[in-house]
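Read the structure below first, then the notes.
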Amino acid sequence: MKIIHINHSDISGGAARAAYRIHQSLLKEGINSEMWVNKVFSDDWTIKGPTKTIEKLLVELKPRLINKLFLKILITKNKVIHSPSVSPSRWVKRINESDADIVNLHWVQNEMLSIKDISKIKKPIVWTLHDMWAFCGAEHYSSDNRWRKGYNPDNRPLYESGFDLNRWTFERKVKYWKNPINIVTPSKWLSNCAKESKLMSNYTVSVIANPINTDVFKPIDKKKAREKLNLPKDIHLILFSAISGGKDPRKGFDLLVNSLEYLRNDIKTKKFQLVVVGQEKQKLPFNLGFPIHYLGHLNNDLSLRYSYGSADVMVVPSRLEAFGQTASEAHACGLPVVTFNVGGLPDIVEHKKTGYIAKAFDTKDLANGISWVLDNSEIKKLNFYSREVAKIKFSEKNIADSYIKIYKKLIS
C-alpha cells in the first residue's frame with residue numbers, strides 16, 4: 001500500500017508539522033509513504049518538491065499575485081488567511097500518473113491545488129483538515145454561520161463589503177466537488193463543524209488526533225532547559241507559543257495579557273515572567289509590569305522541547321483552534337496547559353488533571369487557571385498526568401493504525 005501526502009510544505013507551519021508527523025508515523029508501521037510539497041525545508045528523502053527553477057519561481061509568485069488581486073477587492077474585518085485557490089496546478093497530472101493507492105490531502109492552499117484540481121484527482125482521497133477552509137468559503141476560520149447555511153447574498157456579515165470572495169469560492173466548491181471525500185479531523189469540534197456544514201454534511205468524517213513522537217517530546221530538567229535558553233532560574237515562567245507569536249489575533253495574546261494583569265495584582269500568586277515563542281522582541285504600547293523573554297522562531301523539535309521544559313505552565317489563549325498542537329507537545333513534555341473551552345483544545349487538556357480549561361474568553365477565569373497551576377501543591381502529579389495522557393492520546397502507533405484502517409477500507 002502506497003500513500004502520498006500532499007501539503008504546501010513539509011515542516012514549516014502547524015499543519016505542515018502535523019502532516020509530516022502523520023507521514024512519519026506511517027513509515028514506522030512499514031507503510032510506503034511519501035510527502036509531496038511545494039516547499040521543502042527538511043533533508044528527508046521521502047519528501048518530494050519542485051526541482052526546476054521555473055517551478056520554484058511559480059510557487060513563490062502565484063499566491064502573491066492571486067492574493068493581491070482578490071484580497072484587494074474583498075473588504076473584511078476577518079483577518080485570518082483567505083485562499084481563493086483558483087490557479088491550475090502541475091500536481092494533479094503527477095498524482096494521477098503515480099502508483100499511489102491513496103492520496104492524503106492536507107493543507108493544500110496558497111495556490112498549491114485549485115478547487116477544480118481537487119475534483120480531477122482520480123485516486124481515492126483522504127483529506128485531513130487542519131482548519132475550516134474545506135467547508136467554508138475562502139476564509140480558513142469563520143465565526144459566522146454562512147458555512148452552516150450556505151453562502152447567500154442575504155447572510156453576508158456586516159463586517160464585509162466589496163466582492164463576496166467567500167460566496168464565490170464556496171459556490172465553486174459546490175460546483176466541482178460532486179463526489180463526497182473521506183474527511184479526517186484532529187478534533188471532535190472540527191468533526192462536528194464538518195458534519196454541520198452545508199457542503200460536507202453527507203461526507204464520511206472520522207476523528208484522529210495529530211500524533212506526537214513522545215521519545216522526542218519528553219520531560220527535561222528545568223534547570224538545564226533554562227540555562228540553555230538563558231532564562232532566569234528562580235521565578236515562575238509562563239509560556240506562550242504560536243508561529244506568529246502575538247501578531248495573529250486568533251492566537252489570543254491580548255487575552256493572555258489581560259489575564260496576566262489580574263495575576264500581577266493578586267498578592268497570592270508568586271512573581272512570574274513571560275516567555276514568548278514564535279516572534280522576535282516587539283515593542284508593546286504599554287508597560288506590562290513584568291519581563292517578557294522572546295525566544296523567536298524555534299524550528300526544530302529539540303529547541304521546542306527546551307522551551308516546554310523551561311516553563312512552569314503553558315497558556316494557549318486562542319480564540320479558535322482546530323486542534324492545538326502546542327498544547328499536545330507541551331503535555332508530552334510533562335507541562336500543564338491552561339486554555340479556553342474552545343475548538344479542539346478540550347480534546348487535549350483534561351480539566352484539573354493535565355491543566356485548566358477556562359470559560360471561553362473569560363480572562364479572569366484564565367488567570368484563575370494559571371494561578372491554580374502555579375500554586376498547586378501537587379504540581380508533580382500534573383506533570384506526570386500530562387505526560388501519561390499525551391502518550392496515550394497522541395501515540396504514533398495508534399494514530400497510524402487508525403489511518404491504515406481508513407486506507408484499507410477505501411482500497412477494498
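The values are calculated or read from the model by the stated rules, or taken from the named source; none is laboratory data. Being a predicted model, the structure only gives us computed values, none of them experimental. When we count neighbours, we look across all protein chains shown, and the Cβ atoms used for this are built from the backbone with ideal geometry, even at glycine.
Name every residue in the range 331-341 that is touching a Phe, Trp or Tyr at 6+ places or on another chain (Cβ under 8 Å) and farther than 24 Å from Ala225 by Cα, in order of residue number. Passing the criteria: only Phe340.
Mind checking whether some residue in the range 193-202 is at pLDDT 95 or above, more than 19 Å from Leu105 (Cα to Cα) and outside any loop (DSSP other than H, G, I, E, B)? Looking for residues that are at pLDDT 95 or above, more than 19 Å from Leu105 (Cα to Cα) and outside any loop (DSSP other than H, G, I, E, B), one finds at least one in the range 193-202, hence yes. The residue that is nearest to Ile125 (Cα to Cα), among those in the range 5-22 that are in contact with a strand residue (DSSP E or B) (Cβ under 8 Å, 6 or more places away or on another chain) and part of a loop (DSSP other than H, G, I, E, B), is Asp10. A count restricted to the range 81-109 and to residues that are in contact with a Ser or Thr (Cβ under 7 Å, 6 or more places away or on another chain), more than 17 Å from Leu410 (Cβ to Cβ) and either part of a strand (DSSP E or B) or of a type outside the set (Val, Ile, Thr) (or both) stands at 6.
Return yes or no: is Ile11 at pLDDT 95 or above and either aliphatic (A, V, I, L, M) or touching a Pro at 6+ places or on another chain (Cβ under 8 Å) (or both)? In short, no. The set of residues in the range 168-192 that are of a type in the set (D, E, K, R) and either surrounded by 19 or more Cβ atoms within 10 Å (Cβ to Cβ) or part of a helix (DSSP H, G or I) (or both) comprises Glu171, Arg172, Lys173, Lys175, Lys188. Going by the structure shown, is Leu410 in contact (Cβ under 8 Å) with a residue 24 or more places away in the chain and either in contact with an Asp or Glu (Cβ under 8 Å, 6 or more places away or on another chain) or surrounded by fewer than 24 Cβ atoms within 10 Å (Cβ to Cβ) (or both)? Yes: the conditions hold for Leu410. Check the range 294-309 and report whether any residue there is buried (at least 22 other Cβ atoms within 10 Å of the Cβ) and under 15 Å from the mean Cα position of the chain (by Cα). Among the residues of the range 294-309, not one is buried (at least 22 other Cβ atoms within 10 Å of the Cβ) and under 15 Å from the mean Cα position of the chain (by Cα), which makes the answer no. Of the residues in the range 279-298, not one is in a helix (DSSP H, G or I) and in the same structural domain as Phe384 (by TED's automatic domain parsing). Picking from residues in the range 126-167 that are more than 21 Å from the chain's Cα centre (by Cα) and among the hydrophobic types (A, V, I, L, M, F, W, C), the one that is surrounded by the most Cβ atoms within 10 Å (Cβ to Cβ) is Leu165. Determine, yes or no, whether Ile399 is touching a residue at least 12 places away in the same chain (Cβ under 8 Å), in the same structural domain as Glu29 (by TED's automatic domain parsing) and of a type in the set (A, V, I, L, M). So Ile399 fits the description; yes. Applying a threshold of 7 Å to beta carbon distances and a minimum spacing of six or more residues, or different chains, the list of pairs starting in the range 364-377 at a residue that is touching a residue at least 60 places away in the same chain (Cβ under 8 Å) and closer than 16 Å to Gln273 by Cβ and ending at one that is surrounded by 23 or more Cβ atoms within 10 Å (Cβ to Cβ) and of a type in the set (A, V, I, L, M) reads Ile370/Ile238; Ile370/Val313; Ile370/Val315; Ile370/Val338; Val373/Val313; Val373/Val338; Leu374/Val313. If you take the residues in the range 110-122 that are over 19 Å from Lys409 (Cα atoms) and among the β-branched types (Val, Ile, Thr), which one is surrounded by the fewest Cβ atoms within 10 Å (Cβ to Cβ)? By that ranking, first place goes to Ile115. If the condition is being in a loop (DSSP other than H, G, I, E, B), under 21 Å from Asn104 (Cα atoms) and either polar (S, T, N, Q) or within 20 Å of the chain's Cα centre (by Cα) (or both), then the range 23-62 contributes Val40, Phe41, Ser42, Thr46.
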